[in-house]
Every structure is written in C-alpha cells, then in structure tokens.
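Undergrad: I have a structure here, written as structure tokens, and I will follow up with some questions on it.
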Amino acid sequence: MIEDRNIFWRSFVLVITFLVLTPVALVSCVLALVSVSNNKTEGSVLGTETASGLNLIERPENGISVYASFPEMIPTVGIETKVEDARVEIIKNYLESYDSPLAPYADDIVKTADKYMLDFRLTTAIAQQESNLCKKIPAESFNCWGWGIHSKGTLGFRSYAEAVESVSRGLKEEYLDKGLSSVEEIMSKYTPQSNGSWAMAVNKFMGQME
C-alpha cells in the first residue's frame, strides 16, 4: 500500500514537472528563433552592405569580420589612340634625307594632293627630277617643279606653300582632268622632248616613297 502511494507521488511529480518545463522550453526556443531571424534581417552572413558602402562578411564561428568593397560598376579600360597620317612622315623623311627646303611643307604636300586627288608622292617625285628637291632653282622663285617654263623664263611663286598649291592644282586641271593620269601620260605634255627617262625617274622616286 505504501509502495503504491510512492509510485503515485513520483508519477504526479513527473507530470507536473513536464507540464511546467515544456512550455518554458518552447518559449525559449521561440525567443531564440526570433533573435536569430532579427540578426539575419539586419545583416546577412555573406555580403551584408553597411551604411559606409562596404560589404561585411561575418564569420560568427571565430568572431572575425572581414570587410570587402565591391565597385558599383565594372571598371572598363579605354584606349585613346591618335592616328597620324603616315604619308606625311614618309614625305618628310624623304625630303629630310636630301636636306630639302621642302621638308617643313610635308603636311601641305599631302593635304594638297588629297585636295586635288593626286598620288601623295607625285609632286615630290617631280621636284626631285626637276630640281633635286629645290636645290637647283632660279633664286627666290620657289619653283622646284620647272612649272610654267617659257621663253621668258620660269614662273616664280611667293613661297613654297603657294608653289605646292599651284603645281598640285595645275596637275589636276591640266593633266588628270584631261585624261593624263599615268606618269608616262603626264610626261607627254609636261616634258614632251623626253625619251622616256623623265617618267622612268619619276616612277623610281615615287617607288622610294612607298
């Protein structure tokens, strides 16, 4: 009888303990889950962005926080290339190699050739043939091309720049526009007395400027 009573009270105590502790444990678990959820909302474990614009990578297991900054935009590399007309350098180097006074006008020679749709080497090659690149010309004439030769003498210009313009325009209007486009055809009017050596020399000089 006494033993049955002891068993009753032990069972009663166990039931009471279960009924008390179980709600406490459940409440503790719920509070713990809410706390963890709030922490994740404020900052995720990986890639949390802080107010300073840095990304926070947390490692709660060792208490270390690593900050990494990620750019908002992917950087790009731009290359600005300035392309200069290589033809100007070709003419300039050629003229300088002969110590020609035309060297400073290399840019004018190429631009004027483009203006009148001439081969950029043509006027320089003719100047080489006619005057050894302006070394053998009438004084102060600036005429390196034998341009405008007549019984009274050779045409003169006020400057090399003016000469380049006039000769280039003349080659366009008096030769190319009239169907004389090859060096040999130009020779037939430019220097009709030549046996072909003029055209051969001009073509040779043009070839040296390739």
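Let's see how each residue does on (1) in contact (Cβ under 8 Å) with a residue 40 or more places away in the chain; (2) under 41 Å from the mean Cα position of the chain (by Cα):
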{"residue": "Y94", "(1), (2)": "yes, yes"}
{"residue": "A103", "(1), (2)": "no, yes"}
{"residue": "D114", "(1), (2)": "no, yes"}
{"residue": "L133", "(1), (2)": "no, yes"}
{"residue": "I137", "(1), (2)": "no, no"}
{"residue": "G148", "(1), (2)": "no, no"}
{"residue": "L155", "(1), (2)": "no, no"}
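Condition check ((1) surrounded by 14 or more Cβ atoms within 10 Å (Cβ to Cβ); (2) modelled with pLDDT under 95; (3) of a type in the set (S, T, N, Q)) across all residues:
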{"site": "V45", "(1), (2), (3)": "no, yes, no"}
{"site": "G63", "(1), (2), (3)": "no, yes, no"}
{"site": "I79", "(1), (2), (3)": "no, yes, no"}
{"site": "V88", "(1), (2), (3)": "yes, no, no"}
{"site": "T123", "(1), (2), (3)": "yes, no, yes"}
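The values are calculated or read from the model by the stated rules, or taken from the named source; none is laboratory data. Everything quoted here is computed from the prediction, not taken from an experiment. Cβ coordinates were reconstructed from backbone atoms using ideal geometry, including for glycine residues, and neighbour counts include every protein chain displayed.
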